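Only one structure is covered here, and it is reproduced in the block below.
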Amino acid sequence: MTRKGVIREEIEKRTNFANLAFPDALVINYEPLIEGLNLPDEKDRHVLAAAIKTNANVIVTNNLKDFPTEYLASFGLVAKSADDFIADIIDLNHEKAIEAFRKLVLNRRNPDLDEFEVLDNLRKNGLTNSANYIHSLI
């Protein structure tokens, strides 16, 4: 067993799946930037370093307090909560967002949930704006 009771093979399987699904998401060679960064929680500096390295525009985190707006702006970055980021994605293409949501619902198992139950779960997990937005579109 490893972190949080997940076995190493499962971690590797999930990592490989993520890397295949999002090949540009793996950031390398960001470590030299870490030392020069100043955040309220030093443990978050690697996130900012990776964002700088990739010329990102947004850091998606629910830990907004540790990513000061003015400091991020000096790197051309903003921090957004997961809920705000997902709501922005929904706003870009309503039809595609609803299509993806309905696929999620259709593929949901254990337990099998309907659209409204999935929306309730999203709300319970802090995605209130996103769930409400989707709800208004269906």
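For the reader, a short list of remarks on this structure follows.
- Tilt relative to the chain, helix 94-107 - C-alpha long axis, 0 to 90 degrees, to 10: 70 degrees
- Between 0 and 90°, nearest 10: helix 115-124 axis offset from the chain longest Cα axis: 30 degrees
- The alpha-carbon atoms of the chain define a convex hull whose volume equals 156 cubic angstrom per residue.
- Under a Gaussian network description of the chain, with springs only between Cα atoms under 10 Å, the residue in 58, 118, 78 that fluctuates furthest is 118.
- A Gaussian network model of the chain, with springs between Cα atoms under 10 Å, assigns the largest mean-square fluctuation among 104, 20, 122 to 20.
- Whole-angstrom gap from the range 99-114 to the range 24-46, using each part's C-alpha centre: 36 Å
- Between 76, 36, 126, the residue with the greatest mean-square fluctuation in the GNM of the chain (Cα pairs under 10 Å linked by springs) is 36.
- Entries of 43/124; 43/103; 13/80 with Cα pairs more than 32 Å apart: 43/103
- Distant-in-sequence amide contacts of residue 58, defined by a placed amide H-H separation under 5 Å and a gap of 5 or more residues or a different chain, comprise 78.
- Residues 45, 8, arranged from fewest to most other Cβ atoms within 10 angstrom of their Cβ, appear as 8, 45.
- Helical content alone sets the calculated 222 nm signal of the chain at -16000 deg cm²/dmol, taking -39,500 (n - 2.57) per DSSP H segment of four or more residues and averaging over every residue.
- Using alpha-carbon coordinates, inclination of helix 82-92 to the longest axis of the chain, degrees: 70 degrees
Quick note: the coordinates plus some simple rules give every number you see, no bench work behind them. Given the structure is predicted, the values throughout are model-derived calculations rather than measurements. Neighbour counts are summed over all protein chains in view; Cβ atoms, including those assigned to glycine, are modelled from backbone coordinates with ideal geometry.
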